[in-house]
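Heads up, the thing below is written out as structure tokens.
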Amino acid sequence: MRLSALSWSMLALSLLSGTAIADWYEATGQAVLRSGDMTAARTAATEDAVRKALLYSGASIRTVQQVTDGLLTQESMMLQTQGEVQNVQIVSETEENGYINVTIRADIYPDQNQCANLQLKKELLISPFFIENREQAITGQLYDLDQASTKVFIQKLEESSASSLIKLLPQSIRQKELNYADRGALQRNYGGRYLLRASLGDVSLGERVGTNWTFWSDQDRERFYQLQLELSDIQEQKVLFSQTYQTSAVWEFRDTTVISPKTQRFWQTGYGKSIERVLNAAAQDVEEALRCETILADITLVQQHKVLLNLGSQQGLKLGDELTILFRRQHKDSFGQLQDQLTVSELKVKVTELTHKNAWAESINMDLLANVQVGDAATLVNDTN
């Protein structure tokens with residue numbers, strides 16, 4: 001059974017080269033083979049593999065296109081690059097069930113200064129996707145396409161993300177703006193600072209195409225899929241990433257045919273494969289936007305020389321980690337809305353006790369933390385450099 005149309009695996013073997021440590025990463029990318037266009041499919045699959053290797057290693061994905069183009073123009077199927085990515089090889093290429101699979105192996109030296117806080121995972125709240133115009137789902141009875149898209153997107157994000165802890169909200173958030181009370185309620189009830197919202201803006205049918213119709217079958221029609229996605233920091237009320245993705249494919253079924261998006265049959269259609277590729281690209285874009293964000297721990301209890309933090313080993317915190325205290329105060333913006341303002345203090349604490357979800361951190365100099373209040377925050381010392 002195919003677990004994912006763009007499934008991949010990673011293998012890292014440490015190699016010593018002087019004082020630098022290189023990691024070999026192996027990743028498999030996949031792309032749909034359409035109309036026999038091997039070149040386009042090979043390019044898309046190679047790009048997907050390169051992107052996954054870079055994301056997993058912690059390197060930037062800004063070099064994806066450069067590396068992909070270089071790989072595909074080298075007769076030896078090996079590319080020597082400078083900086084983060086070196087010795088990139090195409091290991092294998094296969095065709096299976098309408099897909100092209102390309103496996104690459106890359107020697108990557110990630111720039112650790114680029115993302116100083118890759119150690120910690122961010123809690124990401126995902127609002128279930130929804131279809132904006134449900135009448136567009138009548139043909140094929142695709143009313144569950146929003147739920148199915150949400151599920152596949154989360155699978156893709158879990159495959160490509162080393163930065164987030166995902167929590168699916170019980171209901172879709174449809175209002176464009178969240179007020180201070182709404183944002184606070186989300187953080188209190190679900191614990192996440194980052195919110196992903198998405199909607200399917202267009203799942204309609206286009207004009208009839210081709211001549212594939214008789215008295216028992218309908219003429220083929222193009223079907224669209226538009227995904228509108230927004231990633232925001234609900235604590236600071238700012239948008240981190242916003243993008244609209246669009247694709248289309250031939251809808252090969254009669255108008256009366258019912259095909260559930262919750263079945264493998266749907267995802268094996270040309271339309272389903274096109275959607276899966278969009279969701280995969282969106283997941284990787286979200287990972288890239290989120291991974292360098294500074295993560296904050298909320299202070300939930302203060303006891304003389306130590307504080308209790310709402311982060312633990314689940315988020316990647318370790319014993320001995322040092323954090324800087326940030327004072328959180330509220331103020332009103334020009335519209336009269338309450339906003340949080342964070343001020344970096346001189347106080348530093350070190351993690352001395354650790355559980356899955358919490359940590360105790362003591363003052364490094366045993367200073368009294370009298371000015372620290374519940375609701376203040378802390379961040380890793382290297383995040384403030």
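Just the number please: accessible area per residue for segment 250-295, 1.4 Å probe, all protein chains included, in Å².
On the way: 1710 Å² over 46 residues.
In whole numbers, segment 250-295 has 37 Å² accessible per residue.
Please work out whether segment 129-182 counts as rounded, prolate or oblate from its C-alpha gyration tensor, where a ≥ b ≥ c are the square roots of the eigenvalues and a/c under 1.5 means rounded, while otherwise a/b larger than b/c means prolate and anything else oblate?
oblate
In segment 272-328, what percent of the accessible surface is made up of carbon and sulfur (1.4 Å probe, ligands and nucleic acids excluded)? Can you show the working numbers first?
Numbers: 840 of 1750 Å².
C and S fraction of accessible area: 48 percent.
Going by average Cβ density within 10 Å per residue, which order do the peptides 43-51, 254-262 take, highest to lowest? Don't skip to the end; give the middle numbers.
Working: 43-51: 25.3, 254-262: 14.0.
Put in order of decreasing packing, that is 43-51, 254-262.
Apply the Karplus parameterisation 6.51 cos²θ - 1.76 cosθ + 1.60, with θ equal to phi minus 60°, to every residue of segment 324-329 and state each ³J(HN,Hα) to the nearest whole Hz, in sequence, with x for glycine and proline.
Running phi through 6.51 cos²θ - 1.76 cosθ + 1.60 with θ = phi - 60° gives 9, 7, 10, 7, 10, 10 Hz.
What nm distance separates the two modelled labels at Gln237 and Asn87, each placed 7 Å from Cα along Cα→Cβ?
Result for the modelled spin labels: 5.2 nm.
Give the calculated FRET efficiency between Glu322 and Gln171 to the nearest 0.05, with a Förster radius of 35 Å applied to their Cβ-Cβ distance.
Numbers: r = 39 Å, r/R0 = 1.12.
According to the calculation, E is roughly 0.35.
Taking 0.36 nm per residue of sequence separation and subtracting the Cα-Cα distance, how much length would be gained by fully extending the chain between Asp37 and Val381, in nm to one decimal? Let's see the in-between values first.
Values: separation 344, 0.36 × 344 = 123.84 nm, distance 5.08 nm.
Result for the pair: 118.8 nm of gain on full extension.
If each of Thr257 and Thr343 carries a label point 7 Å out from its Cα toward its Cβ, how far apart are those two points in nm?
In this crude label model, Thr257 to Thr343 measures out at 6.6 nm.
Which of the lysines could be linked to Lys357 by a straight reach, that is with a Cα gap under 18 Å, when you skip same-chain ones fewer than 8 residues away?
Lys121, Lys122, Lys167, Lys306, Lys318
If we sort 281-294, 183-196 on the protection proxy, mean other Cβ atoms within 10 Å, highest first, what's the order? All intermediate terms of the calculation are to be shown ahead of the outcome.
Details: 281-294: 20.3, 183-196: 17.4.
Descending mean neighbour count gives 281-294, 183-196.
Stretch Ala181-Thr94 to full length: gain in nm at 0.36 nm per residue minus the Cα-Cα span?
Numbers: separation 87, 0.36 × 87 = 31.32 nm, distance 5.27 nm.
Stretched fully, the Ala181-Thr94 segment lengthens by 26.0 nm.
Assuming R0 = 30 Å, can you tell me the calculated FRET efficiency for the pair Ile364 and Cys292, based on Cβ-Cβ distance, to the nearest 0.05?
Details: r = 26 Å, r/R0 = 0.87.
E between Ile364 and Cys292, to the nearest 0.05, is 0.70.
Starting at the first residue of segment 92-101, write each ³J(HN,Hα) from the Karplus equation 6.51 cos²θ - 1.76 cosθ + 1.60 with θ = phi - 60°, in whole Hz, x for Gly and Pro.
7, 9, 9, 10, 8, 6, x, 10, 9, 10
The values are calculated or read from the model by the stated rules, or taken from the named source; none is laboratory data. Since we're looking at a predicted model, the values are computed, not measured. Virtual Cβ from ideal backbone geometry, glycine too; neighbours counted across all protein chains shown. With ligands, DNA and RNA removed, areas are computed over all heavy atoms of the protein, side chains included. Shrake-Rupley method; radii C 1.70, N 1.55, O 1.52, S 1.80 Å.
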